[in-house]
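Just below is one structure, and these are the notes that go with it.
What follows is calculated from the coordinates using simple rules that are stated; it is not laboratory data. Every value quoted in this text rests on a predicted model; they were computed, and no experiment measured them. All Cβ positions, glycine included, derive from the backbone under ideal geometry; neighbour counts span all protein chains shown.
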Amino acid sequence: MLAKGTAENLLITPQEAVKLAEKNGTITELYLVNEIMEEYRATAKNQSTDPFFNQLQLAGVLFSAGRVQGVREERAKRKNA
């Protein structure tokens, strides 16, 4: 379930995201995700005693990283075109 006001910003559904990850995910991506997770656990200042909150925070970090990666890839394509 998405929080109010967030659905209009998404161009992918949660179902589509899971399906694409299952179909197209690579071991290289998993290694990168692990690196991001380790960095989050080592340095994040807003961790909680609630494991579910921490899990959501980590998911947000990974989601943001994916968005930034996509934007940077598109910019690089345009620059090199």
Tell me whether the range 18-70 comes out rounded, prolate or oblate; compute the Cα gyration tensor, take square roots of the eigenvalues as a ≥ b ≥ c, and use a/c under 1.5 as the rounded threshold.
prolate
Among all stretches of the chain without exposed trypsin sites (Lys or Arg not before Pro) (DSSP loop, at most 11 other Cβ atoms within 10 Å), which one is longest?
5-44
Charges at C-beta only: +1 for Lys and Arg, -1 for Asp and Glu. How large is the resulting dipole of the chain about its Cα centre, in Debye rounded to 20?
380
